[in-house]
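The structure appears below as structure tokens.
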Amino acid sequence: MPEPENLVRRHQLDGLLPASADAGPVPHQTSGLDPLTGREHDVFIAVASGWSNAEITERLPIAPATVKGHVSNILAKIGARARVQAVAFGYESGLIRPAA
């Protein structure tokens, strides 16, 4: 079955998401917390890169409600109440690394 042309693949995200693209692979789970799914990880990196929900919807071609769901799941899994806490958690835990 042919794959949709607008579907973004993990290797394509490396060029789009600068927060950790140059720092090597980043694990998909946090120590002692529920693991993030692959798509939650993609959304987490996008959030940490400062993308709005609308930008995530446009660049990762997923529905706005799906983005909101992923962000909510991410916040719940890491125990954060706001996106800024998720970004701080990402840096503190090593899930997000500053670009060199």
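The values are calculated or read from the model by the stated rules, or taken from the named source; none is laboratory data. In this text the structure is predicted, and so the values were computed from the model without any measurement. A quick note on method: Cβ atoms are made from the backbone with ideal geometry, for glycine too, and the neighbour counts reach across all protein chains shown.
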Residue 32 vs. criteria under 18 Å from residue 85 (Cβ atoms), modelled with pLDDT under 50, among the small types (Gly, Ala, Ser) and in a loop (DSSP other than H, G, I, E, B): yes
Qualifying helices (runs of 4 or more DSSP H) (wholly inside the stretch 53-100; at least 3 residues being of a type in the set (Gly, Ala, Ser), out of contact with any His (no Cβ under 9 Å at 6 or more places or on another chain) and within 20 Å of residue 35 (Cβ to Cβ)): 64-78, 83-93
Residues (surrounded by 13 or more Cβ atoms within 10 Å (Cβ to Cβ) and touching a residue at least 12 places away in the same chain (Cβ under 8 Å)) located in the stretch 62-88: 62, 67, 68, 70, 71, 73, 74, 77, 78, 83, 86, 87
Cβ-Cβ under 6 Å pairs, at least 6 apart or on other chains, the stretch 36-58 side closer than 15 Å to residue 76 by Cα, far side surrounded by fewer than 20 Cβ atoms within 10 Å (Cβ to Cβ) and basic (Lys, Arg): 47/83
